[in-house]
Every structure is written in C-alpha cells, then in structure tokens.
Amino acid sequence: MVRWKTHPTGGKMKKIAVSIGDLNGIGIQLALENHQTISKEVEPVYCIDKTMLEQAAKKLQLTIPHDFQTIEDIAPYFDIEAGTVSKESGTYAYASFVKAVELARDKEVDAICTLPIHKKAWELAGVKYKGHTDALRDFFDAEAIMMLGCSKMYVALFTEHIPLKDVAKSINGKDLTRFLIDFYHTAKPTKQVGVLGLNPHAGDDGVLGSEETIIQQAIDNANIIINPHYRRGEDTPTYSNPLVPDVAFTPRVRENYTHYIAMYHDQGLAPLKALYFDEGINVSLNLPILRTSVDHGTAFDVAYKGVELSGLSYINAVKYISNR
C-alpha cells in the first residue's frame, strides 16, 4: 500500500514511480538534476537499479542524491553508449516502464511519470509497442487518450502514431463519438473544447473533403450525450463545430479554448510545440492509473555532453500528478 509523506502545504505527498527511459539519452540526467525539486512535490521511486545508476552518474559527473530511491532487478546490466540506439537500452527502458506500471497497478504508488524512450530501441529489443500509450492500452484493455500540453493549452490526439495516408480512413463517427465522450469525462475541461477539422478550410462545405461531415456528426452526438440540456437549447455545447485548422491556434481563437482535439499527430503537436515546447507534458487519460510524461525525446545529440537541460517539462509532468 502507498505510504504517505507530508507535502510542504500540509497535505499528503503522493508517491510516484519514475520509469527511467532510454539510458543512452537524457532521461537519467533530468532525473538526477531535478530530484531535489520534484521531491518537494512528490516522493519519487526510480525504476533503475543502483549499478546502472552509478554508471550513468559517473559518466555525467553528477552526484547521486542520498534519498534517490531505486529498485533492483530491473533488467540486465549493459554499458551505456551515449546517443546510441541499442537493443540493450531498449530492453532496459521497457523493463523500467513495465515495473512502474506494476507498482501503480498494485497501488504501491499513486501514479507514474515516464522519461523519454527511443521507439527504434524498443523495436530492436523485440517490444511490440510503438510507445508508452500503445502499451498502456494493451496492459489495461482501455482506450487510452494521449493529451499533450500545459495549463495554457492542451491538445488531445484522435489518431496518433499512424502514417498520414491512413488518417482520413481512420475517422469514423462511432470511434470519434466515444473518444469525445471519454475525453470529456477524464480531462474534465472547464471551457468549450475546440475540435479541429481534417481538411484545409475545414473542408469548405465538402469542396475540399467530406470528412468534416463525419466529425460534425460525432460532435453533435457527443454534445447531446454529455449534456442533455444542450439538446433542448438550454446550454452551450461541450464541443465546437469543426474549426479551420490553420487559424485554430491564432491568439484570438485561443482566447476561447484551453483544450483542443486534433485529428492527427502533427496537426495538433506542431502548433503546440511551437508555442509551449519547453513546458509541455504528455498525459495518458481514460486509464485506471495516472501516467504523465515529458513531451520531448531522448535528445541523443546532447546526451552525456555536459549540456544544460531544461527540466521544465519533467517538473510540470510531476506537478500535474501532485495537483490531482
């Protein structure tokens, strides 16, 4: 069971498992350098063993904090090769993630926070999943929703890591309606949510594409199911009509929304990262456990090179948990 420490505000401090990510990347540097900061928000348990931790700390020339809690028997030892995609690092990263999930499932921790993995390294290790969210869907047999952003703006993705040529045929009324309903109940937005159309100009009434007809029907279905008062014309709809994607993130339009639904990966994440790259986080919604993550990659190009890293995304990912 979870053992509580006291938060500086006087409440209970949550305990979290941190999956360490790809050890050939920057995740372990973020964990070591930001430990004291996040320890003021939560009690972290790091899914890395002491031997691998000591190797990484030595390469980084960083001191291991005295209260840096580790876990033994994660995966086989290997020699860290900075900036290298390898089967060994993929194996360790996946095992670290699985251990974090087990701790959350067994209620030994309140939530998990994941540091960045390399998808190719997972593939080399024989992992069948493309990323954390895919794995979580399978682990819990649940339709996990990927939401990224910060308190200023969050973007949820209807389709995620699929080829662009497959996006249009993936949009169907049944799945999108369910997605919108699940998102509302798990994200709990306090303002109307902006839904992006798929095509340029949101289809221009079918001139540039017909997918907006499907999107509109799903929006109408979700609005009625979520809020019966809307059917009677007594309330504002939960979701907007399909927004023209190329103006949806302009300052004037953003005044109306804190949450958006994007039809595909880059449609939502390109503007989000242009606006809030350093502070954005990744949240997995619609699961029986809470999982957050940094919203950046392994940064192999700067790993173990003494480069000063921004820990804002990592800190924000932890604070999201602390504030729930």
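Brief remarks on what is shown
- Efficiency of FRET from Cβ geometry, ARG178 and PHE78, R₀ 41 Å, rounded to 0.05: 0.50
- Between SER170 and THR186, the contour length at 0.36 nm per residue exceeds the alpha carbon distance by 3.5 nm.
- The peptide list 185-192, 69-76, 105-112, 45-52, put in order of mean Cβ contacts within 10 Å with the highest first, becomes 45-52, 105-112, 69-76, 185-192.
- Computed from phi, the 3J(HN,Hα) profile of the range 184-189 under the Karplus parametrisation 6.51, -1.76, 1.60 (θ = phi - 60°) reads 4, 6, 9, 7, 6, x Hz, with x in place of Gly and Pro.
- Normalised contact order of the chain, rounded percent, pairs of Cα under 8 Å and 6 or more residues apart: 23
- Legend: residue pairs LYS15/LYS319; LYS58/LYS319; LYS188/LYS273; LYS14/LYS107; LYS119/LYS273, Cα-Cα distance threshold 18 Å; pairs beyond threshold, LYS58/LYS319; LYS188/LYS273; LYS119/LYS273.
- Karplus-derived 3J(HN,Hα) values for the range 25-30, using 6.51 cos²θ - 1.76 cosθ + 1.60 with θ = phi - 60°, are x, 8, x, 5, 5, 4 Hz; glycine and proline are entered as x.
- Spin-label pair LEU62/ILE226, simplified geometry with 7 Å Cα→Cβ offset, distance in nm: 3.9
- Only helical runs count toward this figure. For the chain, summing -39,500 (n - 2.57) over DSSP H runs of n ≥ 4 and dividing by all residues gives -11000 deg cm²/dmol at 222 nm.
- Amide H contacts under 5 Å for VAL18, placed H, 5+ residues apart: VAL45, TYR46, CYS47, CYS113
- The range 1-139: relative contact order as a whole-number percent, Cα under 8 Å and 6+ apart: 32
- The accessible surface of the chain, taken with every protein chain in place and a 1.4 Å probe, is 50 percent carbon and sulfur.
- Simple spin-label estimate for ASP246 and LYS40 in nanometres, 7 Å along Cα-Cβ: 4.5
- Per residue accessible area of the range 49-168, 1.4 Å probe, in Å²: 48
- Close amide-amide hydrogen proximity is noted between TYR154 and HIS259, TYR260, each under 5 Å apart and 5 or more residues distant or on a separate chain (H modeled in the peptide plane; Pro and chain starts excluded).
- Most simply put, the chain has about 40% antiparallel DSSP beta bridges, counting only bridges with both residues inside it.
- Spacing of the two label points (7 Å from each Cα toward its C-beta) at ARG105 and ASN323, in nm: 3.0
- When DSSP beta bridges are restricted to pairs lying wholly in the range 1-121, around 15% turn out antiparallel.
- Taking every alpha-carbon pair under 8 Å whose residues sit at least 6 apart, the range 29-98 reaches a relative contact order of 34 percent.
- Subtracting the Cα-Cα distance of VAL207 and LYS305 from 0.36 nm times their residue separation leaves 30.1 nm of extension gain.
- Vicinal HN-Hα couplings computed from phi for the range 91-108 (Karplus, 6.51 cos²θ - 1.76 cosθ + 1.60; Hz; Gly/Pro x): 4, 5, 4, 5, 5, 4, 5, 4, 5, 4, 5, 4, 4, 6, 4, 8, 6, 7
The values are calculated or read from the model by the stated rules, or taken from the named source; none is laboratory data. Source: prediction; values computed, not measured. Using ideal geometry, Cβ is built from the backbone for each residue, glycine included, and neighbour counts are taken over all protein chains shown. These accessible areas exclude ligands, DNA and RNA; they are computed on the full protein's heavy atoms, side chains included. Shrake-Rupley method; radii C 1.70, N 1.55, O 1.52, S 1.80 Å.
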